[in-house]
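J.: Can you read through this structure? Questions will come right after.
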Amino acid sequence: MTTAENAAAVAAPVHGGTAAPADAITPDDKDWTWVLERSCPDCGLDTPSVVREEVAGLVRANAVSWLAVLDAEEDGLRRRPRPDVWSALEYACHVRDVFRLFHVRLNLMLDQDGPLFPNWDQDETALAERYGEQDPKTVAAELAEAAEILAGAFDRVAGEQWQRTGDRSDGARFTVETFSRYLIHDPVHHLYDVTGGPAA
């Protein structure tokens, strides 16, 4: 990855003494919660200034951009710019799964008091699900569906629900409001990773 759920993901398991494959992605175990305090110098998104009620629309707009990315020649979508950097297809699969994961976590916060989020290893998922081998048209349809489901869930958040909380296993605590901002940075940043274009 990578980015937001980079942070939410647990570091990939250590494989005792075995050399990593030449095309292995270096796990990103950085804590990306700093994006809640200042703008991202890479993708340019000023996350702290994102209006919570606009996150649903931002998710939908981001999904449209990913559909444009996926409407390209298949070999190019599968090609990694470097052996240790995801291809556009792999990034798109990750974004789809981030949308799905954040929908689950949003529901946990709305339905439970201070839930602890189950861990998710993004790098393990990418390998297990063979991101680089998935069909781009299927990924596009699934990404669009996941984005709309998540956006619809944010559309329905109101009033004091924005202040409900949830915790990550590393001790990071989110309100639904900060969670919404943290979320949107991830797919925006990954779109930058693929296209090089700054956040709109």
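J.: Hand me the trypsin sites (Lys or Arg not before Pro) from segment 94-195 located in a DSSP loop with no more than 13 other Cβ atoms within 10 Å, in residue order please.
T.: Those satisfying the criteria are ARG130, ARG156.
J.: For segment 91-197, give the percent of accessible area contributed by carbon and sulfur heavy atoms, probe 1.4 Å, rounded to a whole number.
T.: After summing per-atom areas, the C and S share lands at 48 percent.
J.: Right, another one. Taking θ as phi - 60°, what are the ³J(HN,Hα) couplings along segment 51-56 by the Karplus curve (6.51, -1.76, 1.60), each to the nearest whole Hz, with x for Gly and Pro?
T.: 7, 4, 5, 9, 4, 4
J.: Another question, if that's okay. Quick check on packing: order 114-127, 186-199 by the mean number of other C-beta atoms within 10 Å, highest mean leading.
T.: Going by the mean number of other Cβ atoms within 10 Å, highest first, we get 186-199, 114-127.
J.: Over segment 118-182, with the other protein chains present, what is the accessible area per residue in square angstrom, probe 1.4 angstrom?
T.: 50
The values are calculated or read from the model by the stated rules, or taken from the named source; none is laboratory data. In this text the structure is predicted, and so the values were computed from the model without any measurement. Ideal geometry is used to build each Cβ from the backbone, glycine not excepted, and the neighbour counts take in all protein chains shown. Accessible surface is based on the protein model in full, side chains and every heavy atom, while ligands, DNA and RNA are left aside. Shrake-Rupley method; radii C 1.70, N 1.55, O 1.52, S 1.80 Å.
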